[in-house]
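> Sending over a structure as structure tokens; questions will come in a sec.
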Amino acid sequence: MESLVQLTEPALPLPLFRRLSRRVGDLKGERLRHTYQTTFWYAFGPPENVVEEVIHALRPRVTKGWKIAGVEWWLSRMRATDVRVDFHQDRDERLALATGKLVHPVRSSVLFLNRVRGGALAVTRELPSEGNPSLAPDRLEDLTLVAPRPNRLVVFDGTLTHGVLDADNQVPDGKLPGPSRERRTLVMNWWGHRPTDVPTWSETRFYRALAS
């Protein structure tokens, strides 16, 4: 089966990766319930925080051959026993909500910060289906799965459907019993233009612990 993703590991020099992981840990519970709504835009200027340093380091590898204006980024922090994101396609979220128009990034990417039980990233060409748990596609035979491993970068086409499997690496359908580690990733969408109303990190008061 054709792989839909490009993997790089280790993605970052170890000192930079360790600093990123430590700073994300320093955020503790800040905006944890709004982790997917807390997004930022970075247009490749002088880095002002450790995430922008990471993007600057990854840029030559990810953008080669592509016309990229900048990166929309956010932190995904959740437990694989309680997955909080459905299968979806990345898009200009505010534009889609306001007009229904679907505009996708050029490339999507995920940098895993730690190892957890289950919690694989699942990528597919199939569309999400509202009739299934977690909006999973009707056909699951062609999923490309990527297990969370520290300093592993996965890059894929920005139009592809993707989601997170639960701690048993099954399509999430409610909470699972028992403890689990927080699954931490840095998500980066690489755009040819700035998506609608996404602020830069410096324009907000969020995540000050990430400062360089």
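The values are calculated or read from the model by the stated rules, or taken from the named source; none is laboratory data. None of these values were measured; they are calculated from a predicted model. Methodologically, a virtual Cβ is constructed for each residue, glycine included, from the backbone with ideal geometry; neighbour enumeration extends over all protein chains shown. With ligands, DNA and RNA removed, areas are computed over all heavy atoms of the protein, side chains included. Shrake-Rupley method; radii C 1.70, N 1.55, O 1.52, S 1.80 Å.
> Being among the hydroxyl-bearing types (S, T, Y) and farther than 20 Å from G25 by Cβ, is that true of even one residue in region 65-76? Walk me through how you get there before you give the answer.
Going through region 65-76, the residues among the hydroxyl-bearing types (S, T, Y) turn out to be 76.
Those still in the list that are farther than 20 Å from G25 by Cβ too: none.
Taking every residue of region 65-76 in turn, none turns out to be among the hydroxyl-bearing types (S, T, Y) and farther than 20 Å from G25 by Cβ.
> Also, I was wondering about something else. Pairs under 6 Å by beta carbon, first residue closer than 10 Å to T124 by Cα in region 143-160, partner of a type in the set (G, A, S) and modelled with pLDDT under 95, six or more apart or different chains?
T144/S3
> Which one is farthest from H193 (Cα to Cα), of the residues in region 32-46 that are open to solvent by less than 20 Å² (accessible area, probe 1.4 Å) and of a type outside the set (V, I, T)? Before the answer, list the steps.
In the first step, residues of region 32-46 are kept if they are open to solvent by less than 20 Å² (accessible area, probe 1.4 Å); the result is 35, 38-42.
From what is left, the residues that are of a type outside the set (V, I, T) are 40-42.
Working: F40: 14, W41: 10, Y42: 11 Å.
Out of the qualifying residues, it is F40.
> Across region 79-95, what is the total count of residues that are over 12 Å from the mean Cα position of the chain (by Cα), open to solvent by 10 Å² or more (accessible area, probe 1.4 Å) and among the hydrophobic types (A, V, I, L, M, F, W, C)?
Residues that pass the stated criteria total 2.
> Could you pull out the residue among R149, R184, R205 that is open to solvent by 10 Å² or more (accessible area, probe 1.4 Å), closer than 22 Å to L58 by Cβ and in a loop (DSSP other than H, G, I, E, B)? It would help to see each step written out before you state the result.
Working: R184 fails: in a loop (DSSP other than H, G, I, E, B); R205 fails: closer than 22 Å to L58 by Cβ.
From the options R149, R184, R205, the qualifying one is R149.
> Out of region 61-111, which residues are among the hydroxyl-bearing types (S, T, Y) and outside any loop (DSSP other than H, G, I, E, B)? Full working, then the answer.
Initial filter on region 61-111 (among the hydroxyl-bearing types (S, T, Y)): 63, 76, 81, 99, 108-109.
Of everything in region 61-111, those that are among the hydroxyl-bearing types (S, T, Y) and outside any loop (DSSP other than H, G, I, E, B) turn out to be T63, S76, T99, S108, S109.
> If you go through region 31-53 one residue at a time, do you hit one that is in contact with a Pro (Cβ under 6 Å, 6 or more places away or on another chain), outside any strand (DSSP E or B) and modelled with pLDDT of 95 or more? Working first, answer last.
Of the residues in region 31-53, the ones in contact with a Pro (Cβ under 6 Å, 6 or more places away or on another chain) are 53.
Remaining after also requiring outside any strand (DSSP E or B): 53.
The next check asks that each one be modelled with pLDDT of 95 or more; those that pass are 53.
Within region 31-53 (the criterion being in contact with a Pro (Cβ under 6 Å, 6 or more places away or on another chain), outside any strand (DSSP E or B) and modelled with pLDDT of 95 or more), the answer is yes, since at least one residue qualifies.
Matching residues to (1) open to solvent by 80 Å² or more (accessible area, probe 1.4 Å); (2) touching a residue at least 24 places away in the same chain (Cβ under 8 Å); (3) of a type in the set (A, V, I, L, M); (4) within 16 Å of L186 (Cα to Cα):
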site	(1), (2), (3), (4)
L4	no, yes, yes, no
R23	no, yes, no, yes
E30	no, yes, no, yes
E48	yes, yes, no, no
I55	no, yes, yes, yes
T63	no, yes, no, no
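> A further question follows. What's the number of the condition V171 fails, among (1) surrounded by fewer than 16 Cβ atoms within 10 Å (Cβ to Cβ); (2) touching a helix residue (DSSP H, G or I) at 6+ places or on another chain (Cβ under 9 Å); (3) of a type in the set (V, I, T)?
Tallying (1) surrounded by fewer than 16 Cβ atoms within 10 Å (Cβ to Cβ); (2) touching a helix residue (DSSP H, G or I) at 6+ places or on another chain (Cβ under 9 Å); (3) of a type in the set (V, I, T), V171 fails exactly one: (1).
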